1. Does at least one position in region 53-68 carry a residue that is surrounded by 12 or more Cβ atoms within 10 Å (Cβ to Cβ), part of a helix (DSSP H, G or I) and at pLDDT below 90?
2. Considering (1) surrounded by 12 or more Cβ atoms within 10 Å (Cβ to Cβ); (2) in a helix (DSSP H, G or I), say which one I36 fails and leave the rest.
3. Hey, could you check region 1-52 for residues that are of a type in the set (V, I, T) and without any contact (Cβ under 8 Å) to a residue 12 or more places away in the chain and say which is farthest from N65 (Cα to Cα)?
Amino acid sequence: MSSTDSGSLERRLHELEVEHRDLDEIVLRLSDQPGIDELLLKRLKKRKLQLKDQIARLKSALIPNLDA
């Protein structure tokens, strides 16, 4: 993997981590409110899980392949 590809992946990883952190905060705040739309909350949690999976895939892609 070239350094350009690695840099691009690292930037994307950072963007996803920020979005995941923001969603986490939103979900926490919304779950404390009475009468919250449960469907909205479920969608936000599902998006958080999708982001978590994407983050894990990117982190795995950034690990150097050590075929020795």
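1. Yes, there is a match, as at least one residue in region 53-68 is surrounded by 12 or more Cβ atoms within 10 Å (Cβ to Cβ), part of a helix (DSSP H, G or I) and at pLDDT below 90.
2. Against the list (1) surrounded by 12 or more Cβ atoms within 10 Å (Cβ to Cβ); (2) in a helix (DSSP H, G or I), I36 comes up short only on (2).
3. I36
The values are calculated or read from the model by the stated rules, or taken from the named source; none is laboratory data. In this text the structure is predicted, and so the values were computed from the model without any measurement. Cβ coordinates were reconstructed from backbone atoms using ideal geometry, including for glycine residues, and neighbour counts include every protein chain displayed.
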